[in-house]
Amino acid sequence: MPWLRAPVPLLVGLLLGACSKGQVEPTDPGGGGKVCTEIGCIGGLRIELQPNAGWPAGDYTFAFALDGVPVTCKGALPLKACDAGPALTCDVPDRVRIGESGCALPPEQHGFSDIQIPSSPAAVELKIMRGEETIYSGNISPTYVESRPNGPGCEPVCRGASAQVALTFP
């Protein structure tokens, strides 16, 4: 096997080159450069739902105004079977995603975990109802932070914020 006789530095260089996932973008003619990795990011707003107890069974409505644009999501607990799809449906798809938790557990352990809003609204009005009872009503004014997970000067620029919503069940 003649390839086994290749000089060790050549083999090491080939192996290191094959393992690199970054892209080199020269920044000066002297051969300097920056290395950008290829990490993606999830921007937008994440709202963590923090109930004081387990989520009671019933019909739930999550009503939003995202910079004044209404979005309503409805569903029920207990959740559907894990392979039956999401329990909540929203009238404007892809504007809001609500995490469902516990579909493989007993029904009393089912609940909603968080809300992901992929856009970056400056103002969020949120009302959560169980049946006719309001369990949360409030406004969120997120403060977004920009980051570059692939290094300075590298794309993408991620813009994200998080908030917490305390829920009180009787």
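The values are calculated or read from the model by the stated rules, or taken from the named source; none is laboratory data. Just so it is clear, the structure is predicted and the values come from calculations on it, not from any experiment. For neighbour counting, all protein chains shown are included, and Cβ atoms are generated from backbone atoms with ideal geometry for every residue, glycine included. Accessible surface is based on the protein model in full, side chains and every heavy atom, while ligands, DNA and RNA are left aside. Shrake-Rupley method; radii C 1.70, N 1.55, O 1.52, S 1.80 Å.
Does K74 satisfy the condition of being among the basic types (K, R) and in a strand (DSSP E or B)?
Taking the combined requirement at face value, the residue satisfies it.
Of (1) out of contact with any Ser or Thr (no Cβ under 9 Å at 6 or more places or on another chain); (2) more than 20 Å from L167 (Cβ to Cβ), P78 satisfies all except one. Which?
Answer for P78: the failing condition is (2).
Please determine whether any residue of segment 70-87 is acidic (D, E) and in contact (Cβ under 8 Å) with a residue 24 or more places away in the chain.
no
In segment 44-71, which residues are β-branched (V, I, T) and either at pLDDT below 95 or open to solvent by 10 Å² or more (accessible area, probe 1.4 Å) (or both)? Step through it out loud before you land on a result.
The first filter runs over segment 44-71 and keeps only residues β-branched (V, I, T), leaving 47, 61, 69, 71.
Residues satisfying the conditions are T61, V69.
If I filter segment 91-113 down to residues being charged (D, E, K, R) and farther than 23 Å from A166 by Cα, which single residue comes out as modelled with the highest pLDDT?
So in segment 91-113, the residues charged (D, E, K, R) come out as 91, 94-95, 97, 100, 108.
Next cut, farther than 23 Å from A166 by Cα only: 91, 94.
Numbers: D91: 96, D94: 89.
For segment 91-113, the residue satisfying everything is D91.
Against the condition within 14 Å of T61 (Cα to Cα) and among the polar types (S, T, N, Q), how does T143 come out, does it pass? It would help to see each step written out before you state the result.
Numbers: within 14 Å of T61 (Cα to Cα): no; among the polar types (S, T, N, Q): yes.
Considered against the rule, which asks whether it is within 14 Å of T61 (Cα to Cα) and among the polar types (S, T, N, Q), T143 comes out as no.
If I filter segment 145-170 down to residues being closer than 27 Å to K34 by Cα and without any contact (Cβ under 8 Å) to a residue 24 or more places away in the chain, which single residue comes out as surrounded by the most Cβ atoms within 10 Å (Cβ to Cβ)?
So the residue we want is R148.
Across segment 77-126, which residue is farthest from A57 (Cα to Cα) among those that are outside any loop (DSSP other than H, G, I, E, B) and open to solvent by 80 Å² or more (accessible area, probe 1.4 Å)?
Filtering segment 77-126 for residues outside any loop (DSSP other than H, G, I, E, B) gives 77, 82-84, 89-90, 97-101, 107-109, 111-117, 124-126.
Going one step further and asking which of them are open to solvent by 80 Å² or more (accessible area, probe 1.4 Å), we end up with 83, 89, 97, 108-109, 125.
Numbers: D83: 20, T89: 17, R97: 20, E108: 8, Q109: 10, E125: 24 Å.
If we take residues in segment 77-126 being outside any loop (DSSP other than H, G, I, E, B) and open to solvent by 80 Å² or more (accessible area, probe 1.4 Å), then E125 is farthest from A57 (Cα to Cα).
Determine whether segment 26-37 contains at least one residue that is in a strand (DSSP E or B) and modelled with pLDDT of 95 or more. First the steps, then the outcome.
Going through segment 26-37, the residues in a strand (DSSP E or B) turn out to be 26, 33-36.
Right, trim to modelled with pLDDT of 95 or more and you get none.
Within segment 26-37 (the criterion being in a strand (DSSP E or B) and modelled with pLDDT of 95 or more), the answer is no, since none of the residues qualifies.
Could you list all residues from segment 134-144 that are surrounded by 11 or more Cβ atoms within 10 Å (Cβ to Cβ) and either within 19 Å of T168 (Cβ to Cβ) or without any contact (Cβ under 8 Å) to a residue 24 or more places away in the chain (or both)? Even if it seems obvious, please write down each step before you answer.
The initial filter retains those residues of segment 134-144 that are surrounded by 11 or more Cβ atoms within 10 Å (Cβ to Cβ), namely 134-138, 140, 142, 144.
Scanning segment 134-144 gives T134, I135, Y136, S137, G138, I140.
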